[in-house]
Amino acid sequence: MQRFIPLTLARHWALRKRLPTLCYRQTAAMSTLLINQPKYSWLKELGLQEENDGVYNGTWGGQGEVITSHCPANNEPIARVRQASLVEYEETVRKAKEAWKVWADIPAPKRGEIVRQIGDALRKKIKVLGSLVSLEMGKIYVEGVGEVQEYVDVCDYAVGLSRMIGGPVLPSERPGHALIEQWNPVGLVGIITAFNFPVAVYGWNNALALVCGNVCLWKGAPTTPLTSVAVTKIVAEVLEQNNLPGAICSMTCGGAEIGSAMAKDERVDLVSFTGSTNVGKMVSLMVQERFGRQLLELGGNNAIVVFEDADLNLVVPSAVFAAVGTAGQRCTTTRRLMLHESVHDEVVKRIAKAYKQVRIGDPWDPSTLYGPLHTKQAIEQYKAAIEQAKQQGGTVVYGGQVMDRPGNYVEPTIITGLAHDAPIVHTETFVPILYVLKFKTEEEGFAWNNEVKQGLSSSIFTRDMGRVFRWLGPKGSDCGIVNVNIPTSGAEIGGAFGGEKHTGGGRESGSDSWKQYMRRSTCTINYSKDLPLAQGIKFE
């Protein structure tokens, strides 16, 4: 359930009135940054200005390339960020390693208290920070606020976790001996995040890494640098108020050069990478070459499988939300909808009707359900995928066009008639295209779900309890997220988030994901005066 921060009603509406309603109008002076326009003055509440430092390691800086962030709703420039140079990267890593010496000595529950304060600081800025996510990434306002809420929720979770982290005391086979597991922080966690969740993914990693005793170095997506700067300012203020080194939560804005440096750097004890499978593979090889640790959250070619006994009143809104939400730019977006032949035509008809009712428009309009794609390049990917689908036998039953309006808008699209193993169906395209497939048997439905290279999220709709447990079992879905009668997207923070195969195998957020950020030692303690050996070995 969505939670709301305790802003006064007056302040809430004052902020909403200041949010832009610009998507249908081009600004006359394209050279003017949005941050300098009165209706965007709320950006300054986040400490942003016309040109912003893109490096933080206890002090702010930025001597690299100056980049301009653009609004996907109209492609107008918002503000500029000075990225990190490699010299600044080196300085930041050095400062982070020094900061770890301080942070690691603080008891875990005390570290949890700092994370609690970070969560509270985010709560105070949740509306305005959510507005920035909407402005810079392009997702609708409620999703932007919800993304910040995820970071807040993970902070709450991590606070409790800070008093629970530990390993078991195991029975020793030797008299007078104790056998225990000791968990310690890995040290410096490098966090590389993607454009589509520019706050939440950092939050999943940051909150857990901190309570585990690690320090963090963040490189956000080059196309959402203002969000990275704004979040870091909030976190840095908490550290400063507690007289802690700012380098505990460092940031280096940059592109592939900084990302490659992190992946190759032996001083970075864990690299957490979220992004495409292709880039993730390159990062993985660089980290593995130095025998480093990695946490990969990569692509997902996710499927909903609808059986003949499914409740179609659940199926239709679930499929629409999972396929259209965030304009198809979630790693958990439903890209394949597999329908039993007995319900195929009815479901296609109902979903096409629902698509017609999806309100497309200004991301800040409370009634909008669907905003723009993040970049112009994504529009080209959308057009290319539709053309390939047609060439491979697909029929567009809804959408398929780039919209004639400012910004990166395309129509949400439904395509039927493709083979389950068509090349385009097996390709994850990060746009709102839903491929609808027709199957006959349970064996087909399960097999088609599993035949793609990615293994992130999956769901079936059925009332058959036997089928439910077959789906959850060893011959069912091979994904990291296996749902029943809910969409593929919208995961809760309490469970481990991640997937198998080309999705990378990493786990973030809940359950025992904290173990990814720690190293385990098996410790045997002899408190006797004898020296018995294991397995009854005699060495005399």
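The values are calculated or read from the model by the stated rules, or taken from the named source; none is laboratory data. All of these numbers come straight from a predicted model, not from anything done at the bench. Neighbour counts run over all protein chains shown; Cβ positions are idealised from the backbone, glycine included. Ligands, DNA and RNA are stripped out before the accessible areas are found, and what is left, the full protein with its side chains, is counted by its heavy atoms. Shrake-Rupley method; radii C 1.70, N 1.55, O 1.52, S 1.80 Å.
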Which entries of Lys139/Lys383; Lys97/Lys127; Lys353/Lys438; Lys453/Lys475; Lys44/Lys127 have Cα-Cα distances beyond 22 Å here?
Lys97/Lys127
Please compute the length gained on full extension between Lys110 and Arg463, using 0.36 nm multiplied by the number of residues separating them and subtracting their Cα-Cα distance.
122.3 nm
Model label zone, Arg290; criterion: amide N under 20 Å from point 7 Å along Cα-to-beta-carbon; scope region 72-115
84-101
Just the number please: accessible area per residue for the chain, 1.4 Å probe, all protein chains included, in Å².
42 Å²
Rank by packing, highest mean first: peptides 445-456, 420-431, 352-363, with packing defined as the count of other Cβ atoms within 10 Å averaged across residues.
445-456, 420-431, 352-363
Let me check something: with ligands and nucleic acids excluded, how do His340, His70 order by accessible area (1.4 Å probe), largest to smallest?
His70, His340
Using a 1.4 Å probe, how large is the accessible area of Val201, given in Å² and rounded to the nearest 10?
10 Å²
Whole Å is fine, so just give me how far the alpha carbon centre of region 46-117 lies from that of region 265-334.
25 Å
Distance (nanometres) between label positions extended 7 Å along Cα→Cβ at Arg163 and Val279:
4.0 nm
Whole-Hz ³J(HN,Hα) from phi, Karplus 6.51 cos²θ - 1.76 cosθ + 1.60, for region 516-521, glycine and proline x:
5, 9, 9, 10, 9, 10
Can you tell me the order of 247-254, 169-176 when each peptide is scored by its average per-residue count of other Cβ atoms within 10 angstrom, highest first?
247-254, 169-176
Rounded to 0.05, the calculated FRET efficiency for the beta carbons of Gln49 and Ile486 at R₀ = 51 Å is 0.75
Return the distance in nm (one decimal) between the two label points of a simple spin-label model at Gln391 and Asn242, each offset 7 Å from Cα along Cα→Cβ.
5.5 nm
Expected unfolding gain across Asp530-Thr427 under the 0.36 nm per residue rule, minus the alpha-carbon gap, is 30.8 nm
Quick one: 3J(HN,Hα) in Hz for region 496-506, Karplus 6.51/-1.76/1.60 with θ = phi - 60°, rounded, Gly and Pro as x.
5, 10, x, x, 10, 6, 6, 6, x, x, x
In the chain the accessible area split gives carbon plus sulfur, as whole percent at 1.4 Å, a share of 54 percent
In whole Hz, with x marking every Gly and Pro, tabulate ³J(HN,Hα) for region 303-315 from phi via Karplus 6.51 cos²θ - 1.76 cosθ + 1.60, θ = phi - 60°.
10, 10, 10, 10, 8, 5, 9, 5, 7, 5, 5, 8, 4
Full extension from Asn313 to Val402: what is 0.36 nm times the residue separation minus their Cα-Cα distance, to one decimal in nm?
29.0 nm
Put a dot 7 Å past each Cα toward the Cβ at Gln63 and Lys376; how far apart are the dots in nm?
3.3 nm
Can you send over the solvent-accessible area of Ile493, 1.4 Å probe, protein chains only, in Å² to the nearest 10?
40 Å²
